[in-house]
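Quick notes on the structure that follows.
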Amino acid sequence: MSVISIVGAGVAGLCVANELLARGARIRVYDRQPLPGPHACSWWAGGMLAPFCERESAEEAVIRFGAEAIDWWDQHTGVVNRHGSLVLSTTRDRNELVRFGKRTRDYQLLDAEQVAALEPDLSGHIRQALHFPGEAHLDPREALLKLAQNLADAGVMIESGEPDPSSQIIDCRGMAAARELSGIRGVKGEMLVLRCPELSISRPVRFIHPRMPLYIVPRGEGVYMLGATMLETAEGDRLTVRSVLELLSAAYALHPAFAEAEIIETGVDVRPAFADNLPRIREQNGRIYVNGLYRHGYLLSPALARLVADWVLLKQRPEAFYEDSV
């Protein structure tokens, strides 16, 4: 079997590499850094594996193929937390919670007592919520490093330099490939990481807030990731004051304990996206491109990896997300 070269070791590239490796393919992986880190936009992700919640704004394909993600990540990393997720609102925004429920599925409507049973620290603050028990979350950094370790354990190290042009190349470089792929745009996301030991939340929370919808993802030991903005810009070097204020204001509205939290990290990334916010698998100039994951990197990369592996190894054209070169 000839060598398959994967260029880019973010979430898409590492998922493709692990899927091909698991099927016995000979692979080499190339990236500008030897390990996953802050240079990759997937380092700054929330890590929610929430296909049913995503139906509120995403296409049906996101739910259908995103449903593969939880088992895939569990099988390949073992770092998945299967606690479900919650969607909450204040009493005054209850109509928005009802609207969210009408656009999604596979949830349970909880009253205040049931919310308190799941998340005792939210008792008294939330009167109604949607619980999606089939969803999960992970720590993105832990997951990426575990995928890289899987490769290292098999003798595959992440290399610098350029791949052999005679090999089959799978390009997963995200925004770095924007000059070669038509239709790619940047969507900026900003996040905060807080330490709030006074508060214990065990599952991701989406908080419907009138100015900025917020999600809070627990990282363990009183650490929480807060996100995230979605700004139509490829400028990804700084957080805006407005975004920080809105994120913190929404967190405080969810629970006053966040007023005493310590900000331990801030982050910015630019996610590659196409016009419809769906990813693409495209063959162009002899390369297979996997790109445009938008904010669904951890949710859709496992399915994209499967589709690409089927294409490369079994000659089965992808059943979804495939696009002829343009």
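Computed from the coordinates by the stated procedures, all read-outs in this text should not be read as laboratory data. This structure is a prediction, so every number in the text was calculated from the model and none was measured. Please note: Cβ atoms are built from the backbone with ideal geometry, for glycine as well, and neighbour counts cover all protein chains shown.
Each of P204, F52, S182 was scored by the projection of its Cα onto the charge dipole of the chain, and the greatest displacement toward the positive side belongs to S182; charges sit on the C-beta of Lys, Arg, Asp and Glu. Normalised Debye scattering of the stretch 44-97 at q = 0.14, 0.22, 0.31 Å⁻¹ gives log10 I(q)/I(0) of -0.48, -0.94, -1.23, counting only Cα atoms as equal scatterers and leaving out solvent. Computed from backbone phi with θ = phi - 60° and the Karplus coefficients 6.51, -1.76 and 1.60, the 3J(HN,Hα) list for the stretch 172-189 is 10, 8, x, 5, 5, 9, 4, 5, 9, 10, 6, x, 7, 10, x, 10, 7, x Hz; x is used for glycine and proline. Which residues among the stretch 305-326 fall inside the zone where the amide N is under 16 Å from a point 7 Å beyond the Cα of R23, along Cα→Cβ? So the set is 305-322. Within the stretch 79-220, DSSP assigns beta bridges of which about 75% are antiparallel (rounded to the nearest 5).
Using all pairs of distinct alpha-carbon atoms, the Kirkwood hydrodynamic radius of the stretch 65-170 works out to 17.1 angstrom. The average projected area of the chain, computed from the convex hull of its Cα atoms over all directions, is 15.9 nm².
Given axes a ≥ b ≥ c from the Cα gyration tensor, I'd like to know whether the stretch 279-320 is rounded (a/c under 1.5), prolate (a/b larger than b/c) or oblate. Cα axes put the stretch 279-320 in the oblate bin. For K102, the aspartates and glutamates whose Cα falls under 13 Å of its own Cα, not counting residues fewer than eight places away in the same chain, are E54, E56.
Rg of the Cα atoms in the stretch 1-138, relative to 2.2 N^0.38 Å, amounts to 1.32.
Please identify every one of the GluC sites (Glu not before Pro) in the stretch 209-264 that sits in a loop by DSSP and has no more than 15 other beta carbons within 10 Å of its own beta carbon. Within the stretch 209-264, the qualifying GluC sites (Glu not before Pro) (loop, at most 15 other Cβ atoms within 10 Å) are E221, E232, E235.
The peptide list 182-193, 8-19, put in order of mean Cβ contacts within 10 Å with the highest first, becomes 8-19, 182-193. The alpha carbon centroids of the stretch 202-274 and the stretch 1-39 are separated by 30 Å.
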